[in-house]
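Student: Before we start, here is the structure in question, set down as structure tokens.
Since every read-out is calculated from the coordinates, none of them should be taken as a lab result. Just so we're clear, the structure is a prediction, and the values are computed from it rather than from any experiment. With ideal geometry, Cβ positions are generated from the backbone for all residues, glycine too; neighbour counts draw on all protein chains shown.
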Amino acid sequence: MLETLTFGFLGGGNMATALIGGLIARGVPAGSIRVVDPFADAQQRLARDLGVHASGAPDAAFGASDVLVLAVKPQQFREAAASLLPYLPASGAGNLVISVAAGIRLQDMQRWLGGRARLVRAMPNTPALSGMGMTGLASPAGLSAQDRAIATAVAEAVGKCAWVDGDDQIDAVTAISGSGPAYVFFFIEAMERAAAELGLSARQGRELAVQTFLGAATLAGESPEAVSTLRERVTSKGGTTYAALTAMQGAGIADAFVRAMHAAAARGKEMGEEFGKD
């Protein structure tokens, strides 16, 4: 499906680069991909490393792309949409536009793009850079099955994806998986610190912590059993794991962790309201 489409990326940063690399690996010709980035060094890097057409501003050829991916920072989104608007079709179904900008609501995208596009809001995360991403997707009612399939295929070029219902649930996705890698890194940092305090080298601490997260996540993903069951199997009453979990429970870590994700979701909603103001 993707091999027959043309793509335009507004923004050429890390996430755009990961998506472009994933699309090319899936068979999309580099010549079918155009990228707009204001920085000359980014244009040169994209053209050199990926073989795509890179320029500093949208033009008619860019606007004619079947799929446009808006990979700009949230605070730049409205200006980027304004620069793109003159090149969108004035009539017909318009382009399929996929936004990966955090906090930008579908209703605001629709308004800023003059209703001249079919929209998907995507929330990927940074493991996409390693082809292990998780992306939440949402769209207005009525998006065609074909457009959903295209958006799914784009997201799956860098990992897995899940469709959710609207902006509120994308805020939840942002809190769980969009921001989620930072939580994992936070715990890895803590494990590295503990390893050093217990006499292990920095290299040993990092390897032990990273491989433990990787292995446990893989096991959780492959097992049909509840994560709580997997946890219980590692936890013998009175043993070392029991001592560690008892200390965590006493410190209220689980409740604090849940509160943190509620805070992230609330901030996502606030960002939508802030960036969507007229």
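Student: What's the percent breakdown of Cα-Cα distances in the stretch 78-235 across 10 Å bins, shortest bin first?
Tutor: Over the stretch 78-235, the share of Cα pairs per 10 Å bin runs 10, 29, 29, 16, 11, 4, 0 percent.
Student: Using a Gaussian network model on the chain with a 10 Å cutoff between Cα atoms, which of A157, A61, A194 fluctuates the most?
Tutor: A194
Student: With only alpha-carbon atoms in the gyration tensor, what are the semi-axes of the equivalent ellipsoid for the stretch 2-178, in Å, largest first? Please list the in-between numbers first.
Tutor: Details: eigenvalues 91, 74, 47 Å².
Taking √(5λ) for each eigenvalue gives 21, 19, 15 Å, largest first.
Student: Between A90 and Q169, how many nm apart are label points set 7 Å from Cα along the C-beta direction?
Tutor: That separation, rounded to one decimal, is 3.8 nm.
Student: Please identify every one of the trypsin sites (Lys or Arg not before Pro) in the stretch 213-267 that sits in a loop by DSSP and has no more than 16 other beta carbons within 10 Å of its own beta carbon. Walk me through the numbers before you get to the answer.
Tutor: Working: sites: R231, R233, K237, R259, R267; in loops: K237.
Listed in order of number, the matching sites are K237.
Student: For the stretch 108-124, what does the Karplus curve 6.51 cos²θ - 1.76 cosθ + 1.60, with θ = phi - 60°, yield as ³J(HN,Hα) per residue in whole Hz, taken in order and with x for Gly and Pro?
Tutor: 6, 4, 4, 5, 5, 9, x, x, 9, 7, 8, 10, 9, 9, 10, 10, x
Student: Between E3 and T240, what is the label-point separation in nm under the 7 Å Cα-to-beta-carbon projection?
Tutor: 5.2
Student: Follow-up. As I understand it, the value is the acute angle between the Cα axis of helix 40-50 and the longest principal axis of the Cα atoms of the chain; what does it come to in degrees, rounded to 10?
Tutor: Rounded to the nearest ten degrees, it is 80.
Student: Take the alpha-carbon centre of the stretch 180-219, take the same for the stretch 88-114, and report the distance between them in whole Å.
Tutor: Rounded to whole Å, the Cα centres lie 41 Å apart.
Student: For the chain, give the magnitude of the charge dipole about the Cα centre (Cβ charges: +1 Lys/Arg, -1 Asp/Glu; no others), in debye to the nearest 20.
Tutor: It comes to approximately 120 debye.
Student: Please compute the net charge surrounding M191, taking Lys and Arg as +1 and Asp and Glu as -1 over other residues with Cβ under 15 Å from its Cβ.
Tutor: Spelling it out: positives minus negatives among the neighbours equals -1.
Student: Next question. Specify the residue with the greatest mean-square fluctuation among A57, A71, A151, computed from a Gaussian network of the chain linking alpha-carbon atoms under 10 Å apart.
Tutor: A57
Student: If I fit a long axis through the Cα atoms of helix 240-250 and take the longest principal axis of the Cα atoms of the chain, what angle between them do I get, 0 to 90°, rounded to 10?
Tutor: In the chain, helix 240-250 runs at an angle near 70 degrees to the longest axis.
Student: Let me ask you something else. How large is the Rg to Rh ratio of the stretch 180-272 when both quantities use alpha carbon positions and Rh follows Kirkwood?
Tutor: Result: Rg/Rh = 1.01.
Student: Expressed as an acute angle from 0 to 90° and rounded to the nearest 10, what is the orientation of the C-alpha long axis of helix 253-275 relative to the principal long axis of the chain?
Tutor: That helix lies at roughly 20 degrees to the long axis.
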